[in-house]
Amino acid sequence: MALSFTEQPPQGRVPYAIPQLEGERITIPGSKGAFRILASSKQTNGLMAVFQSGAVLSDAPGFHYHNHAHDVFLVTKGFLKLWNGDKCRIMGPGDFAYVPPTVVHNPEMLGPHTETYGVVTPGDWVDFFRYVSEPYEGILVPENDDRDLKALLIPKVMAAKQDFDVVFQPHYQPPALGEWSADEEKLPESSQPYFLRANTGPKWMLGGVMSRPFITTRQSQGVCAISSIESSKTYGETLLSKFLTFQSVDHCLCVQEGTLTVQLKDGPESTFREGETVVIPAGQAFALRFASRYVRVWSFTDGDGIETLIHRLGTPFEGAVLPDQVPEWNPAEVGSVASELNVTIEL
């Protein structure tokens, strides 16, 4: 089977790739922003939705919470002001935030052109975006859409608030903007709202592959994991070069830098570069190879996927960047860890 590009996610749980800035492209009228949905319920059996969003300076949607949905914000460009529970921070490229259910939050794009990745679980929550939006056919974002966001958004939401897990809090008294602290340079030990400063937190090395997690299944109550996966062609083959089959976990791999090749079982290798996305459903065997001197891929999973595999089999790493030499690791535990994670590895 070969991986093929599609500008819209397909109608089922099959492998596919999305070109740069494509996906299901929609805009909330007056938001001066656009969403590009890369995967949602139909592609992940309801488990998660992954999307990019971009906007110029515009009004925030308003303070709200979700009874069931988990929300994340991962900035790639510009600046985002986010109220998250009892904290408010201005986030820049590489900064991350997690919002568990029932926590009041409100994102405000500060521009001049802000881009983020988002994940929501369960995956059908993005039906709310679809309900309040209209198709977007422009290039990046609708900068000149001067319609009144709240005048258009709030009445529509109130008319169907029973259909969506969005509870607006118009009288909420938000926390003041605060400075980043040392506590926001590490992952918490349990599920709670948090911020994680760019290029901080734990790092794991499994042979020639590094994982820098933004969130693991420990913080997300088991529903998702997001990590920066980094490696180099100079390391040669890695454990991820073997065919891996995660029986119950979907992977959405978004290339940030360098060249990644992905091969499905019995198919040719396909090459992906910055801005391109690959979605690999549960039960599909795949192998990853790193085809340039430095490769950085953001991995989004709806459970214990490659981030957990690297964490469980690898060792903590204290350096700031990839080491020149591959650290040693012990392959003796591959079988037991693979069994615990319900992944088949064809060694």
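Observations on the model:
- Radius of gyration over Kirkwood radius for the range 123-191, both on Cα atoms: the Rg/Rh ratio is 1.08.
- Across the range 264-347, counting alpha-carbon atoms alone, Rg and Dmax equal 14.3, 38 Å.
- As a ratio to 2.2 N^0.38 Å, the alpha-carbon radius of gyration computed for the range 1-101 takes the value 1.20.
- Of the two radii for the range 202-346, the radius of gyration is 0.92 times the Kirkwood radius, both from the alpha carbons; that is the Rg over Rh value.
- Listed residue pairs exceeding 22 Å between alpha carbons, taken from 42/150; 42/81; 42/186; 32/81: 42/150; 42/81; 42/186
- Residue order for 68, 171, 113, fewest other beta carbons within 10 angstrom first, comes to 171, 68, 113.
- Formal net charge of residues neighbouring residue 60 (Cβ-Cβ distance under 15 Å; K, R +1; D, E -1): 0
- Normalised Debye scattering of the range 22-194 at q = 0.15 Å⁻¹ gives log10 I(q)/I(0) of -0.84, counting only Cα atoms as equal scatterers and leaving out solvent.
- With coordinates expressed along the principal axes, the C-alpha atoms belonging to the range 183-263 extend over 37, 29, 21 Å, beginning with the largest.
- Helix content alone sets the calculated 222 nm mean residue ellipticity of the chain: runs of n ≥ 4 DSSP H residues at -39500 (n - 2.57) each, divided across all residues, give -2500 deg cm²/dmol.
- Amide H contacts under 5 Å for residue 203: 317, restricted to partners 5 or more places along the chain or on a different chain, H placed in the peptide plane at 1.01 Å from N.
- Geometric extent, Cα atoms of the chain - Rg, Dmax (angstrom): 19.7, 61
Readers should treat all values here as calculations from the given coordinates under stated rules, not as data from a laboratory. The shown structure was predicted, so the numbers you read here are calculated from the model rather than taken from an experiment. With ideal geometry, Cβ positions are generated from the backbone for all residues, glycine too; neighbour counts draw on all protein chains shown.
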